[in-house]
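Worksheet for the structure shown next.
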There are 4 protein chains.
Amino acid sequence: MTMLTDEIKQALIDQALLYQKRAYAPYSNYAVGAAVLADDMQIYGGANIENSAYPSGLCAERVAIFHAISEANKKILAVVVATKNGGSPCGSCRQVMREFGAPDMPIILVDEEGDIVLESTLEGMLPYSFGPEDLI
Amino acid sequence: MTMLTDEIKQALIDQALLYQKRAYAPYSNYAVGAAVLADDMQIYGGANIENSAYPSGLCAERVAIFHAISEANKKILAVVVATKNGGSPCGSCRQVMREFGAPDMPIILVDEEGDIVLESTLEGMLPYSFGPEDLI
Amino acid sequence: MTMLTDEIKQALIDQALLYQKRAYAPYSNYAVGAAVLADDMQIYGGANIENSAYPSGLCAERVAIFHAISEANKKILAVVVATKNGGSPCGSCRQVMREFGAPDMPIILVDEEGDIVLESTLEGMLPYSFGPEDLI
Amino acid sequence: MTMLTDEIKQALIDQALLYQKRAYAPYSNYAVGAAVLADDMQIYGGANIENSAYPSGLCAERVAIFHAISEANKKILAVVVATKNGGSPCGSCRQVMREFGAPDMPIILVDEEGDIVLESTLEGMLPYSFGPEDLI
């Protein structure tokens, strides 16, 4: 597993909490912030951005990952998610992580105090996954 | 766990294989069929339906589940997926199953001969999931 | 344009209204029903099916179209949508119609009384569209 | 309509071309770049980021817009899209623009030389749209 130093872990939590405040969530009122460590060792953030046509919105995790990958990094090394109650990434976000993260990539969930609610990994949250090598 | 009789399990596999043949997959050439047992004990099928704007397509599992739920059943009891290589449901499909299936709902993957490649459950494939009770 | 007889048009409206009642919309409370005429001259219906992870839900129009295409028909000839206020298909649903419908395919919006609010076409609702021939 | 100065228009085109090079499009080989002008007068870019589960990918336009809105700006003022052949935004991307752009927001399509292929507006590309005020 990627070993996150305490300093990097805290920086990721801080960014996730910052982006949670930037959520556009007028329909669910459930604000989510995410922070992603990419392989350039930069942190990229994202908030959930909803839409009046609900399926057209996007979760914070994916906003952050798509942003990170657009900045020319094709690997992600860790994901932190901040919500009011330590809510978990949806399956769609896990699938997007799967394309760019290793099985042991850390996924850390925090509440809005920044307290860690769960530490898992990509494989821990998306076992028996479908990935590029399955598309034959 | 919902106990599937051998008869129902085989009927689900047969339907998944039938729908695999109906796939609209001109972009990936990866045909997928799915069959869902709903709480009216009827089986609903679906194929993957792609789109030239790739993100606008939909996986077979979700086509089948949305069809089942539209037919007035708000619970699903089992999902079978057929692909050439026993490929697994993507995370997005698992999330849709999460809304309508119990944690111990069987998910069965078969290859195009109908041979079972994996038998798991919803919780087995989407642990630490996000669901309706988390949206506070 | 496909000329819809009054009889077929009314049958589509009736089906859209029927499926509107089957919506699973606990988050938005905005029930939508859709009915699609496929090239086997059968009508396929769908309701909007939401998800606690909002982006993982699906609109009624797409539920109906994916169902229709899964039943082995690769063309759709008309779409009718029923909502409380004659609401319009979202852009994502229009994109899915684009893969399977002709530019002059009728799109008809009705309110929950079944009164027609708008009659347009696919090209009328998605001009300058992106389709299979653009993916070079 | 927002009047774009020649300078801003060219800056948007340059950014869209830059992000096109950052596309992760191993499945379609159709690279897309987008640039968005937000109401802080900053330009935000995005590339299309595909996924082996095709529907889990995202178009460049939405990557750029979600990034822009996450950076605390809730309005977008212009969108430029770069592809090899001047391809148009899909319906889903238009729907996301609808949440944050005015009807007369410029949408400009360029080819990979940066030559303008089409200049339109949000209303020109998504007439009779569904938006926040329809969700009653």
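Observations on the model:
- Filtered residues of segment D:27-71 (kept if out of contact with any Phe, Trp or Tyr (no Cβ under 8 Å at 6 or more places or on another chain) and of a type in the set (V, I, T)): D:V32, D:I43
- Residues in segment C:10-43 that are part of a strand (DSSP E or B) and open to solvent by 30 Å² or more (accessible area, probe 1.4 Å): C:Y24, C:I43.
- The single condition among (1) under 16 Å from the mean Cα position of the chain (by Cα); (2) more than 10 Å from chain C (Cβ to nearest Cβ); (3) closer than 20 Å to D:L58 by Cβ that A:L12 does not satisfy is (3).
- Matching residues, segment D:58-86, being more than 14 Å from A:V63 (Cβ to Cβ) and either β-branched (V, I, T) or in contact with a Pro (Cβ under 7 Å, 6 or more places away or on another chain) (or both): D:I76, D:A78, D:V79, D:V80, D:V81, D:T83
- Some residue of segment D:54-68 being surrounded by fewer than 19 Cβ atoms within 10 Å (Cβ to Cβ) and out of contact with any His (no Cβ under 9 Å at 6 or more places or on another chain): no
- Matching residues in segment A:80-104 - criterion: being outside any loop (DSSP other than H, G, I, E, B) and either touching a His at 6+ places or on another chain (Cβ under 9 Å) or touching a residue at least 60 places away in the same chain (Cβ under 8 Å) (or both): A:V80, A:V81, A:A82
- Among the residues making up segment B:105-136, those that are more than 7 Å from chain A (Cβ to nearest Cβ) and assigned to a loop (DSSP other than H, G, I, E, B) are B:M105, B:D111, B:E112, B:E113, B:G114, B:D115, B:G131.
The values are calculated or read from the model by the stated rules, or taken from the named source; none is laboratory data. Just so it is clear, the model here is predicted, and its values are computed rather than measured. Here the Cβ is made from the backbone with ideal geometry for all residues, glycine too, and neighbour counts use every protein chain on show. The area values use the complete protein model at the heavy-atom level, side chains included, leaving out ligands, DNA and RNA. Shrake-Rupley method; radii C 1.70, N 1.55, O 1.52, S 1.80 Å.
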